[in-house]
Each structure stands twice: as structure tokens, then as C-alpha cells.
Amino acid sequence: MSETGRSTGIHIPGWAERVADSLGAGPHVVVSGISVSGNIHAGNLREVLVAEAVANALRQRGEEVRFIFHADTIDPLRKIAPGIPKSYEEYIGHSLSHIPDPEGCHVSYAEHFLVPFEEALSEMEMDIEVLRSHELYERGVYTGVTSEAIESTDELRRILHEVTKRKMPEYWSPYLPRAGSGKLTGMRVLEHLPEQTSVVFTDEDGWEDSADYSKGEGKLGWRVELAARWKALGVTFEPFGKDHTSRGGSTDTADRMATEVFHYPVPGRYEYEWIGLKGRGDMSSSRGIVLLPKDLLRIMPPGAVRRIILGRDPARRFDIDLEGGFPRFMDEYRAEMGEPYVPFTHLVTVAQTVGGDTEAAAQMLRRGGYEEAVGDGLADDLYYARNWATEWAPESMTLGLLDPAESERAAAALDDEQREYLREVSVKLRPEMDGETIQDVLYSTAIERGLKPKRAFAAVYKVLLGKTSGPKAGPFIAGLTLDQVGERFSV
Ligand SMILES: [Zn+2]
């Protein structure tokens, strides 16, 4: 296992090593292609991370690697994603790059969903090139393969028919020219003029028009585009989810188109499975089950995001647990990193007690016996723990120190034995005591007074947190000042 730094946590898993072995000598072009028709969620991130792991494995072998994120910005809008105004139905069939941003904050519909994802990749310090398909068409990157595809219309139609068993329309064309209306769908290509890199077509109203495919005035249909882009970009590896690799799916057609029409070898492949969110199901933009990469980066460092999204093996389905099981995941992740760490549940207690005060947190951790783990990353760790406590933690793990007035009200539920116990403990506490010593004081005082420890600790939690249970009391109290404790124990 190789680790290069805590922030990115780049680690090359065994499965990626094996894929890299199978790809042989480069130069390599690793690509990951994602639709930008809606939120690009954490499930989509899995595809990019699979590609990244393979790119890193190749780089580690000294191979030259170009790692590309191909954003399908020129694709036509197919249906309205949840949360998008119904009025957007008029844009169905238009390129995502040519549709206005539904919230008005970016230059297009495509950018509205792409930019936040791009920002997350950048926050993860990913060494990746983001290409927008509408720009590739406009820059002429796809001119050669588009011409080849149009010339091979009959062959491509035959492959599509043989693989999908679908009856192909008589006027089917691999190329979708953009009509004056902005629509890419429903046109009929009549003639190819290779010298002028253009096609003549009739639009949805039967009017004749032409489109120059070297200038982005249309695009290849997506099944054809997949094979064509392998050739145009020189792709040697691309991961796919199971929606593409099913029988008769897009990889089946693209594989045949690549070899039989474009005379380009099928790139190396890895089939990854979906991830779900525990208790909510598979992630899906169209069903509104969306967890954004940014949501993950609020509660864990980039290395942990990679670890949780990929799982042990991305070829297997996996449910991410961001609720009760999350602290254990974080502890396992930290342990794998081989550095001293504070157990996540304790960090959560500390973060909720001190808020954003890093100095107070450091003191609390030192007194709690975590001297070694107090380092430069503490402010980040507190940020993650605090966000997790507010956004994901089960109710049993959320806590906040009661203010003195709230504490007084909570104390009304205590009996005289419990009150006297708290007062005695308060007198015994000293500033130099650490968490374990305080724990001993709490326990032995209860025994000496003949008070059942369970009732004694319930009193402690009641006046501090307003609950009857909580984190281990000694280390928790060690994080507070004697004044804070004294004020709440003098009941
Ligand atoms: Zn926007």
C-alpha cells in the first residue's frame, strides 16, 4: 500500500493494479464520461474514482497518462430532472450547453450541474482534465470521426439493429444536426458533403437546412459517439456502470462499431457496480436520491471520500452508511493511514462541546489522553465532526452543553441524593485531573455515598447535557473548565 499524504490519501488498490497490468504499455488515455443533465452525484463520482485509481496505477508504472473527464454537455435534454421548472419541457431535444441555467447562476444548464462537480474534483486535488463535449465538436476534434460515421451510415445501422434487435428507422443517421429551433432530435439527414464538412437535412417542419459538423452544429448519436470518441481521443481505458454493459447495451454496440467501422481497438474496461445510501436506496438523479460529492467533503477528508466511494471493490454493490456506522468507518480509515488519531465519536463530542475553538479542543483532547493526535489537521477534523453531528449523526450522538439556566431546569428532575453527589464531586475536582482520574472520582464518590453508579452518572449527564446518558463522562468533563462544571453541579 502506498500513501502520499494525508490530504489526498492517494492509494492504489489491488484491483486497479491488476487493471493496469492488463492494459500494457502506453501512452494511455483514461476517460470517464458523465451526463450533465442533472446533479452529478456521489454514485457518478465512483466512476471517476475508478478511472483515477487506474490512471494512478499506470502513472506509478512510469506510463504517460492523460486522464480525462468527458462531460456530455452537447447531449440533448431528454427529460426534466426533479426540481427543474416544468416550462423547461420546451428545451427537450436541445443541447444542455444551449439551454439556460434553471437557477440563472451559470452560463448554461450543463454548467449549472457540471461546475459544482468540477469544484469537488478540484477540492480532492484530482489530476484530471475536464473536457466539454460541445467544445470538442466546436474545435473540430470530432470532425474526422463524424465524417467517417456518416459515410458508414448503413454499416452502423446494421450493427445497431443486430445488437439491439431494434427496428431501425429508414432515415436513421448517426449524425444529429441542430435545427434552427435549437433541437437536435427529429431531423432527417439527406446528403453528406464531406468537402464542406456538412450535411443537408430537413427540419421538423420539413424545411431544408445544412449543418457544419466541424463547428459543433450537431453531434453524433450517443451510441455511435462512444465508439467515435475512443478513436478521436485515443482512449485506452474507460470504466462503465452496469447500465451500459448489459446485453445489447451501449458497450456492446460501441465495441463492434469501434472494430468494424472506426478500425480502433476496444479500450480496456472495468465494470463497476452502483453505490447506494444506507436506508435510502441506489443513488439516482432522476429519482431524487442524490448525495453530492460536496456533501461528503463536508464530513470527511478527500482520502476518506475515495475510500468510502470505492469500497473494498468497486465491482461490488455497496451501501454507504453516513449515519450510525460512519464513526467506525472513519476510525478504520485513520488506522489504515497509520497515524495517531482521535476516535471519531470522541472528536464529535469535543467538536460539539467547544464549537470551532481549536485551542479549547486541543486542551480537551490533551486532557483526554490524545496528546499525540493533536496536530495540524485538528481544525479540519473538528469541522468534519461538527458537520457530521449536525447533518448525519443519530440523535443519541448529538449533544450540546446546557447553558446554566437550562441546566438548572434539568436539575429539577434529580432527587436529593443525586444533588448532594454532584456537589461533592464538584468540590473534589482539580484543574490538573485528566479524563480517567475524573472518571474514577465520579465512580468512587458514588460508591462511597451508597448511590448506584447508574443513578450517579444519570445525574451528571442530566445537568450537563439534559440527557440520561452520553459520552464517557470523565473525558467529557475534563474538556470543560472547573467553573463550567461547578456552576452546573451546584444544584
Ligand atoms: Zn447555476
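In percent, how large is the relative contact order of the range 4-122, given Cα pairs closer than 8 Å and 6 or more residues apart? List each step's numbers first, then the result.
Numbers: 150 pairs, mean separation 29.2, N = 119.
Value for the range 4-122: 25 percent.
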In vacuum, with every alpha carbon of the range 1-117 counted as one equal point scatterer, what does the Debye formula give for log10 I(q)/I(0) at q = 0.13, 0.14, 0.15, 0.21 Å⁻¹? Two decimals, please. -0.63, -0.69, -0.74, -1.05
Hey, any idea what Rg/Rh is for the chain, computing Rh the Kirkwood way over Cα pairs? 1.13
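Please state the relative contact order of the range 324-402 as a whole percent: Cα pairs under 8 Å, 6+ residues apart? Intermediate values should be presented prior to the final figure.
Numbers: 65 pairs, mean separation 27.0, N = 79.
So the answer I get is 34 percent.
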Can you pull the one-decimal nm distance between simple spin-label points at Ser490 and Glu195, each 7 Å off the Cα toward Cβ? 10.0
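Calculate the FRET efficiency for Glu260 and Lys165 from the Cβ-Cβ distance with a Förster distance of 22 Å, rounded to the nearest 0.05.
Values: r = 18 Å, r/R0 = 0.81.
The pair Glu260/Lys165 has a calculated efficiency of 0.80.
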Derived scalar couplings ³J(HN,Hα) [the range 470-476; Karplus, 6.51 cos²θ - 1.76 cosθ + 1.60; whole Hz; x for Gly, Pro]: x, x, 3, 5, x, x, 5
Along the Cα→Cβ direction, 7 angstrom out, place labels at Arg409 and Glu395. What is the inter-label distance in nm? 1.8
Expressed in nm to one decimal, what extension gain is obtained for the pair Asp101 and Tyr383 from 0.36 nm per residue of sequence separation less their Cα-Cα distance? 98.4 nm
By accessible area (1.4 Å), largest first, His134, His70 order as His134, His70
The range 307-313 - phi-based ³J(HN,Hα) in whole Hz, Karplus 6.51/-1.76/1.60, Gly and Pro as x: 5, 6, 6, 6, x, 5, 8
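Give me the percent of accessible area attributable to carbon and sulfur for the chain, probe 1.4 angstrom.
Ligands and nucleic acids excluded, carbon and sulfur reach 48 percent.
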Through the Karplus equation 6.51 cos²θ - 1.76 cosθ + 1.60, θ set to phi - 60°, convert the phi angles of the range 343-360 into ³J(HN,Hα) values in whole Hz; use x for Gly and Pro. x, 4, 4, 5, 4, 5, 4, 4, 4, 6, 7, 9, x, x, 7, 5, 5, 4
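Pairs of alpha-carbon atoms within less than 8 angstrom and 6+ residues apart define the contacts here; what relative contact order does the chain have, in percent?
Working: 830 pairs, mean separation 63.8, N = 491.
About 13 percent, as a whole number.
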Of the listed links Lys278/Lys452; Lys215/Lys294; Lys165/Lys231, those spanning more than 31 angstrom between alpha carbons are Lys278/Lys452; Lys215/Lys294
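Please sort by residue number the trypsin sites (Lys or Arg not before Pro) in the range 124-220 whose DSSP state is loop and whose Cβ has at most 15 other Cβ atoms within 10 Å. If you can, show how the numbers build up before the last one.
On the way: sites: Arg132, Arg139, Arg157, Arg158, Lys165, Arg166, Lys167, Arg178, Lys183, Arg188, Lys215, Lys219; in loops: Arg139, Lys165, Arg166, Lys167, Arg178, Lys215.
Of the trypsin sites (Lys or Arg not before Pro), the ones in loops of the range 124-220 whose Cβ has at most 15 other Cβ atoms within 10 Å are Arg139, Lys165, Arg166, Lys167, Lys215.
Leaving out ligands and nucleic acids, note down the accessible area per residue over the chain with a 1.4 angstrom probe, in whole Å².
Details: 21880 Å² over 491 residues.
I get 45 Å² per residue for the chain.
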Per-residue SASA entry for Trp172, accessible area with 1.4 Å probe, Å² rounded to 10: 50
Using DSSP to call loops (not H, G, I, E or B), can you name the trypsin sites (Lys or Arg not before Pro) in the range 65-96 whose Cβ has at most 16 other Cβ atoms within 10 angstrom? Arg78, Lys79
How much solvent-accessible surface does Glu89 expose, in Å² to the nearest 10, with a 1.4 Å probe and all protein chains in place? 90
With a cut-off of 13 Å, note down the residues of the range 458-488 whose backbone N falls inside the zone around a label point 7 Å from the Cα of Asp357 toward its beta carbon. 479-485
Amide H neighbours of Arg188 under 5 Å, counting only residues 5+ apart in sequence or on other chains, H built in-plane at 1.01 Å? Thr202
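Restricting to DSSP loop positions (anything but H, G, I, E, B) with no more than 16 other Cβ atoms inside 10 Å of their own Cβ, which GluC sites (Glu not before Pro) remain in the range 150-201? Could you put the intermediate results ahead of the total?
Details: sites: Glu151, Glu155, Glu162, Glu170, Glu191, Glu195; in loops: Glu170.
Of the GluC sites (Glu not before Pro), the ones in loops of the range 150-201 whose Cβ has at most 16 other Cβ atoms within 10 Å are Glu170.
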Using modelled amide H (1.01 Å from N, peptide plane; none on Pro or chain starts), what sits under 5 Å from the amide H of Glu125, excluding residues fewer than 5 places away? none
May I ask you to derive the FRET efficiency for Ala25 and Arg423 from their Cβ-Cβ distance with R0 = 56 Å, giving the value to the nearest 0.05? 0.15
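What FRET efficiency comes out for Ile447 versus Arg280 if R0 is 56 angstrom and r is the Cβ-Cβ distance? Round to the nearest 0.05. Before the final figure, lay out the partial values.
On the way: r = 46 Å, r/R0 = 0.83.
Working from the Cβ atoms, E equals 0.75.
In deg cm²/dmol and to the nearest 500, what is the mean residue ellipticity at 222 nm of the chain if only DSSP H runs of at least 4 residues count, each as -39500 (n - 2.57), divided by the residue total? If you can, show how the numbers build up before the last one.
Working: 21 runs with 221 residues, N = 491.
Rounded to the nearest 500, it is -13500 deg cm²/dmol.
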Looking at the square roots a ≥ b ≥ c of the eigenvalues of the Cα gyration tensor of the range 126-229, which shape do they give, rounded for a/c under 1.5, prolate if a/b is larger than b/c, or oblate? oblate
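The values are calculated or read from the model by the stated rules, or taken from the named source; none is laboratory data. Because the structure is a prediction, the values reported are computed rather than measured. In this analysis, Cβ positions are derived from the backbone assuming ideal geometry, glycine residues included, and neighbour counts consider all displayed protein chains. Calculation scope for accessible area: heavy atoms of the full protein, side chains included, ligands and nucleic acids excluded. Shrake-Rupley method; radii C 1.70, N 1.55, O 1.52, S 1.80 Å.
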